[in-house]
Amino acid sequence: MDHKIYLDNAATTRVREEVLSEMLPFFREVYANPSAIYGFAGEAKKAVGIARERAAALIGAKPNEIYFTAGGSESDNWAIRGTIEAYADKGKHIITSKIEHHAVLHTCEYLERQGCEVTYLDVDGEGRISLEALEKAIRPDTVLVSVMTANNEIGTLEPLGRIGEITHERGVLFHTDAVQAYGHMPLDVEKMHIDLLSASGHKLNGPKGAGILYCRENLRLRPLIHGGAQERGRRAGTLNVPGIVGFGKAAALTGETLEERMRREAELRDYLIDRVLAEIPYTRLNGPRQERLSNNAHFCFRFIEGESLLILLDQRGICASSGSACTSGALDPSHVLLAIGLPHETAHGSLRLTLSEETTREELDYVVESLKEIVKRLRDMSPLYEDFARSQ
Amino acid sequence: MYSEKVMDHFSNPRNMGEIENPSGVGTVGNAKCGDIMRMYLDVDENGVIRDVKFKTFGCGAAVATSSMATELVKGKTVEEALQVTNKAVMEALDGLPPVKVHCSLLAEEAIHAALWDYAKKQGITIEGLQEPVNDIGEK
């Protein structure tokens, strides 16, 4: 293979050509500030409106429920802080899970230091929260439940519809971090009783630096960014028109192709998972076999360490990611892998491969063959494997 | 993130493997932190390290520091090998990222653990050698 094989689409994706070409005029031609009065600004304003409609349509929301942000992390921060502050009269209790993205976890930890109370729900071996535990955790002073739509590492889909029913019944707000799921699976904020939802443009072949927060009509939400009156006074800052246009176009395209793309990606994903599990011994799949993102495969290879694996894959032109400690500079491996109950040494040997619509079967064949050689090579080098082999 | 030398030693590790009936063997680190190094020594009757091999579970820097450490002690006397510090390993690799400095400490400790085992088997004392702190022991 002489070209790069990009299997890190959960980290970011390639901007689609149609998305880029729709963005470009908003840099040099229609560069007006959409908040201005003159006619020239009207075009930019109109484009933002179309993008808002497109962003809303993908999740069954109304356009006026969409707020443009600088990305998923801002949306997560805002959803949690904005509601906790706005509903301080009700209480200061938040329920979330142990496997959330750090944009959610660190926001919750920050709020704990400000006097909030947070319940971090455990997950099962496949990364799903328990609905019973959720029900039990809800208190009279619970303001918000924040549970991700799909996990960014192991791809597990949370039981969103059921969570929505419970929170709706109990009169608690429900936020979901849908950064990995928006544009990758059908979502309906009405049917699923979702009150707030975060999404990011660059995970769906749109631009970086453009995200949305969906916030149900008539909810209270304090601003996170103070300043001008943009976004109906809730999110200050000159609108990132090219980014917003790109987000809208990406959302529209992703909606059109959703079903076929999911089917094709899931087929390739299953092919990859089947081959890896069958051909590389002492390997486990993390997350459920089926109830997972259609483009996510996540493995642990026992007796080896993830960073070494990534470097050797990189040397063969394969871009992937790992939850190993060494890739983050921390000593502990991924909080998600520990939360699903993996021992440290197994968690260190993790590998995430995330597909795109451009991924081919030939590429995956090459990846599997490379993995077989690399895993063997690292095991031959591993004292853990030596001990294991001796004990057999 | 890594120097060319680190990448070279990671991609083409020197002295990787095992030694049958070694004069000394030491294992340091733990799987919890993601680094385990094992050093095997073959020491001749004059106290010279005739051969050395390593096995490592860990990141790129862990493999590279193990590999470099074996190069630095090979052919040396056990007393000389004791003078090989983590600094020397790092310098020989043209440096390590700050978060990976502990790998070089582990490599130094792995040599000490193997020397300790050697000294114990020989019933001798090597001046300046202290009992390794990070030895998880042979299984």
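Taken together, the values in this text are just the output of simple stated rules run on the coordinates, not laboratory data. Computed from a predicted structure; not experimentally measured. Every residue, glycine among them, receives a Cβ derived from its backbone with ideal geometry; neighbour counts consider all protein chains shown.
Results for (1) in contact with a helix residue (DSSP H, G or I) (Cβ under 7 Å, 6 or more places away or on another chain); (2) under 14 Å from residue B:117 (Cβ atoms); (3) within 13 Å of chain A (Cβ to nearest Cβ), shown as yes or no for each residue.
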| site | (1), (2), (3) |
| --- | --- |
| B:9 | yes, no, yes |
| B:21 | no, yes, no |
| B:39 | yes, yes, yes |
| B:60 | yes, no, yes |
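Which count do you get for residues in the stretch B:85-101 that are within 14 Å of another protein chain (Cβ to nearest Cβ) and surrounded by 18 or more Cβ atoms within 10 Å (Cβ to Cβ)?
Filtering the stretch B:85-101 down to residues within 14 Å of another protein chain (Cβ to nearest Cβ) leaves B:96-101.
Of the ones still in play, those that are also surrounded by 18 or more Cβ atoms within 10 Å (Cβ to Cβ) are B:96, B:100.
Count: 2.
Against the conditions (1) more than 11 Å from chain A (Cβ to nearest Cβ); (2) of a type in the set (A, V, I, L, M, F, W, C); (3) buried (at least 16 other Cβ atoms within 10 Å of the Cβ), where does residue B:48 fall short? Just the number, please.
It is condition (3) that residue B:48 fails.
Report, by residue number, each residue of the stretch B:94-121 that is in a helix (DSSP H, G or I), among the charged types (D, E, K, R) and over 8 Å from the mean Cα position of the chain (by Cα).
B:100, B:117, B:120, B:121
With (1) out of contact with any Gly (no Cβ under 7 Å at 6 or more places or on another chain); (2) surrounded by 20 or more Cβ atoms within 10 Å (Cβ to Cβ) as the list, and residue A:238 as the residue in question, which single condition is left unmet?
(2)
Run down B:75, B:123 and say which single residue is touching a residue at least 24 places away in the same chain (Cβ under 8 Å) and loosely packed, with under 14 Cβ neighbours inside 10 Å. I'd like the intermediate steps shown before the answer.
Numbers: B:123 fails: touching a residue at least 24 places away in the same chain (Cβ under 8 Å).
One residue alone meets the criteria, B:75.
Looking at A:18, A:43 in this structure, which one is under 29 Å from residue A:355 (Cα atoms) and among the charged types (D, E, K, R)?
Details: A:43 fails: under 29 Å from residue A:355 (Cα atoms).
So the residue among A:18, A:43 that is under 29 Å from residue A:355 (Cα atoms) and among the charged types (D, E, K, R) is A:18.
In this structure, is residue B:82 surrounded by fewer than 24 Cβ atoms within 10 Å (Cβ to Cβ), free of Cβ contacts under 8 Å to residues at least 60 places away in the same chain, more than 10 Å from chain A (Cβ to nearest Cβ) and under 30 Å from residue A:338 (Cα atoms)?
Working: surrounded by fewer than 24 Cβ atoms within 10 Å (Cβ to Cβ): yes; free of Cβ contacts under 8 Å to residues at least 60 places away in the same chain: yes; more than 10 Å from chain A (Cβ to nearest Cβ): yes; under 30 Å from residue A:338 (Cα atoms): no.
In short, no.
Only one of A:133, A:61, A:70 is within 27 Å of residue A:292 (Cβ to Cβ) and touching a residue at least 60 places away in the same chain (Cβ under 8 Å); which?
Working: A:133 fails: touching a residue at least 60 places away in the same chain (Cβ under 8 Å); A:70 fails: within 27 Å of residue A:292 (Cβ to Cβ).
Result of the check over A:133, A:61, A:70: A:61.
Inspect the stretch A:5-19 for any residue being farther than 22 Å from residue A:253 by Cβ, touching a strand residue (DSSP E or B) at 6+ places or on another chain (Cβ under 9 Å) and among the aliphatic types (A, V, I, L, M) and give the result as yes or no.
Keep residues of the stretch A:5-19 that are farther than 22 Å from residue A:253 by Cβ, which gives A:5.
This time we only want the ones that are touching a strand residue (DSSP E or B) at 6+ places or on another chain (Cβ under 9 Å), so: A:5.
From the residues that got through so far, the ones that are among the aliphatic types (A, V, I, L, M) too are A:5.
For the stretch A:5-19, residues farther than 22 Å from residue A:253 by Cβ, touching a strand residue (DSSP E or B) at 6+ places or on another chain (Cβ under 9 Å) and among the aliphatic types (A, V, I, L, M): present.
Name the strands (runs of 3 or more DSSP E) wholly within the stretch A:278-392 that hold at least 1 residues that are in contact (Cβ under 8 Å) with a residue 40 or more places away in the chain and within 14 Å of another protein chain (Cβ to nearest Cβ)? If you could, list the steps in order and put the result at the bottom.
On the way: elements: A:283-285, A:296-301, A:350-354.
Hits in the stretch A:278-392: A:296-301, A:350-354.
Search the stretch A:157-194 for residues being among the acidic types (Asp, Glu) and touching a residue at least 60 places away in the same chain (Cβ under 8 Å), and hand back the single one that is surrounded by the most Cβ atoms within 10 Å (Cβ to Cβ). It would help to see each step written out before you state the result.
Keep residues of the stretch A:157-194 that are among the acidic types (Asp, Glu), which gives A:158, A:165, A:169, A:177, A:188, A:190.
In the following step, the residues that additionally are touching a residue at least 60 places away in the same chain (Cβ under 8 Å) were identified as A:158, A:177, A:188, A:190.
Working: A:158: 23, A:177: 31, A:188: 15, A:190: 12.
Restricting to residues being among the acidic types (Asp, Glu) and touching a residue at least 60 places away in the same chain (Cβ under 8 Å), the top hit is A:177.
Only one residue in A:213, A:239, A:221 is in contact with a Cys (Cβ under 7 Å, 6 or more places away or on another chain) and within 14 Å of residue A:66 (Cα to Cα). Which one?
On the way: A:213 fails: in contact with a Cys (Cβ under 7 Å, 6 or more places away or on another chain); A:239 fails: in contact with a Cys (Cβ under 7 Å, 6 or more places away or on another chain).
That would be A:221, the only listed residue that is in contact with a Cys (Cβ under 7 Å, 6 or more places away or on another chain) and within 14 Å of residue A:66 (Cα to Cα).
What pairs come up if the first residue lies in the stretch A:213-238 and is closer than 17 Å to residue A:198 by Cα, the second is of a type in the set (A, V, I, L, M) and assigned to a loop (DSSP other than H, G, I, E, B), and their beta carbons are under 6 Å apart, counting only those six or more places apart or on different chains?
A:214/A:61; A:215/A:221; A:225/A:236; A:235/A:225
Within the stretch B:28-37, how many residues are facing chain A (nearest Cβ under 8 Å) and closer than 18 Å to residue B:84 by Cβ?
Going through the stretch B:28-37 one residue at a time, the tally reaches 1.
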